[in-house]
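Right, one structure below, let's go through it.
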Amino acid sequence: MRIQDIPSVSQILNRMESLATLAKNPKELVSFPELVERALISERSQISKAEPETPSNLPNTNQLAIPWDSNSLKDQDFQQKKEVSKSNEILETIERISKEQGIDPKLVKAIVKAESNFKPNAVSPKGAMGLMQLMPKTAEALGVEEPFNPEENISGGVTYLKSLFQEFKDPTKAIAAYNAGPGAVRKYGTVPPYRETKEYVEKVKNYYLR
């Protein structure tokens, strides 16, 4: 028997009074333990009736509710695969065009990483466009009609980079000229004393080494 099943003193006294009443009629007389048991059974019955029934409209806890749509997961997976495929195409384009023009593909990738982080539609506050961040006048001079087209942008950017290598005969100066312009490198004869250009040269070198 559980502790909570043991009747209180007041309940026992009430039952004793009931027992005394029953004692007047011997036919209805029962033992004290039996009387207690009957009372307990009656109380349990009343408690069970008082307990609220579980509503039939409550969700079945055995069923796992999935908070997302399987179609949306397929869309996300497709989008991720599409982005990976697009990135691979950009890398392959860089490899092909760089080798065609005799420029180290790793260096071109490092410049693209520093310029646009491989975003074909990137636009700088100064108006530079695409993967290799070609300025409008530079793009026009290189014959790039669609600067946000990866093929055209990379082709124009690599052509421009090759011309800088041919002029300065030095990778560091060529990289600096790509950022600050060839006029600044000609003026100082080395990397211009611009903080942005110095940081840019170091960034490209670090990306190249990676």
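Under the condition of being in a helix (DSSP H, G or I), touching a Pro at 6+ places or on another chain (Cβ under 6 Å) and either open to solvent by 50 Å² or more (accessible area, probe 1.4 Å) or not small (Gly, Ala, Ser) (or both), the residues counted in the stretch 127-186 number 2. Among the candidates VAL201, VAL108, single out the residue that is closer than 25 Å to VAL84 by Cβ and touching a residue at least 24 places away in the same chain (Cβ under 8 Å). That would be VAL108, the only listed residue that is closer than 25 Å to VAL84 by Cβ and touching a residue at least 24 places away in the same chain (Cβ under 8 Å). Kindly provide the set of residues from the stretch 90-119 that are in contact with a Lys or Arg (Cβ under 8 Å, 6 or more places away or on another chain) and not in a helix (DSSP H, G or I), ordered by number. GLN101, GLY102, ILE103, listed by residue number.
The values are calculated or read from the model by the stated rules, or taken from the named source; none is laboratory data. Here the structure is a predicted model, which means the values were calculated and not measured. For neighbour counting, all protein chains shown are included, and Cβ atoms are generated from backbone atoms with ideal geometry for every residue, glycine included. Areas reflect the complete protein model, heavy atoms only, side chains present, ligands, DNA and RNA absent. Shrake-Rupley method; radii C 1.70, N 1.55, O 1.52, S 1.80 Å.
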